[in-house]
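> Before we start, here is the structure in question, set down as structure tokens.
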Amino acid sequence: MNPHTRIARRSLYCGILLLAGVSGVGLPGIPQIAFAQEKLALDAGKSEVHFGLKDVHGGAHGTFKLLQGEIGFDPEHGTASGLIAVDALSGNSGSTARDRKMTEEELKAQSYKTVSFAPMRFTGVFHRSGDSTLQVHGVFTLVGVSHEIDVPMQIHVEGRQVRATGTFMVPYVQWGLKDPSVFILRVAKEVQIDLNLVGALEK
């Protein structure tokens, strides 16, 4: 084989490799190019998960404890994986009777001990320094039933430290949970979840 033919074939092979890597399509016998992935490990002690439920008297507000949070994501392709898990037994609104009712009757936390969110993909540009606005799509699992939702997130990165905040609504009655309304007290059919997550980027 003459040198020009070898160079041409080598250039074609490199071109195929590049196209396969960019498109994410695997070709038989040809290795794909691996893009750099980021990993975010959340600090359960510093992260906060708040909830709010409105009624005619102002409603109930409280917190849940984060059990674990680890997210892998590819800034080049907008894909994500991992899990954020909240302790369903930890709901605290300041009222023992209300919290027991929420835990036992609505969340059935003795059987379903976690409420979780598993990210799948995101839109928006992730900046490795400063602020980013992302829309994260994933699966929210409540009382053992999964629902796909979108969560708008504000991300701030300083060095390897990350703070992520976001707010979304959970239509719990529509999703099959018990409506806590009674004749003299009507409550909203959605609960607001506010996330204040703190963690660190790891390679």
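The values are calculated or read from the model by the stated rules, or taken from the named source; none is laboratory data. The structure displayed is predicted, hence computed values, not measured ones. Methodologically, a virtual Cβ is constructed for each residue, glycine included, from the backbone with ideal geometry; neighbour enumeration extends over all protein chains shown.
> Identify, from the list K101, K113, K108, the residue that is over 17 Å from V198 (Cα atoms), among the basic types (K, R) and touching a residue at least 60 places away in the same chain (Cβ under 8 Å).
K101
> With respect to V136, is the statement that it is farther than 18 Å from T63 by Cβ and either at pLDDT below 95 or in contact with a strand residue (DSSP E or B) (Cβ under 9 Å, 6 or more places away or on another chain) (or both) true?
For V136, the condition - farther than 18 Å from T63 by Cβ and either at pLDDT below 95 or in contact with a strand residue (DSSP E or B) (Cβ under 9 Å, 6 or more places away or on another chain) (or both) - is met.
> Now for a separate question. Could you please find all residues in the range 69-102 being in a helix (DSSP H, G or I) and either under 16 Å from Q37 (Cβ atoms) or of a type outside the set (D, E) (or both)?
Matches in the range 69-102: A88, L89, S90, T96, A97, R98, R100, K101, M102.
> Ok, one more. Would you call R121 modelled with pLDDT under 95 and over 17 Å from L42 (Cα atoms)?
Criteria not met by R121.
> Just give me the residues in the range 42-71 being touching a Gly at 6+ places or on another chain (Cβ under 6 Å), modelled with pLDDT of 95 or more and surrounded by fewer than 17 Cβ atoms within 10 Å (Cβ to Cβ), in sequence order.
Those that are touching a Gly at 6+ places or on another chain (Cβ under 6 Å), modelled with pLDDT of 95 or more and surrounded by fewer than 17 Cβ atoms within 10 Å (Cβ to Cβ): D43, E70.
> On to the next question. State all residues of the range 129-146 that are part of a loop (DSSP other than H, G, I, E, B) and either surrounded by 13 or more Cβ atoms within 10 Å (Cβ to Cβ) or among the hydroxyl-bearing types (S, T, Y) (or both); if no residue qualifies, say none.
Correct list: S129, V143.
> Looking at the structure I just gave you, is F126 in the same structural domain as G82 (by TED's automatic domain parsing), touching a strand residue (DSSP E or B) at 6+ places or on another chain (Cβ under 6 Å) and either part of a loop (DSSP other than H, G, I, E, B) or more than 16 Å from L42 (Cβ to Cβ) (or both)?
Answer is yes for this residue.
> Can you spot a residue in the range 103-115 that is part of a strand (DSSP E or B), modelled with pLDDT of 95 or more and in contact with a Lys or Arg (Cβ under 7 Å, 6 or more places away or on another chain)?
So far as the range 103-115 goes, no, none of its residues is part of a strand (DSSP E or B), modelled with pLDDT of 95 or more and in contact with a Lys or Arg (Cβ under 7 Å, 6 or more places away or on another chain).
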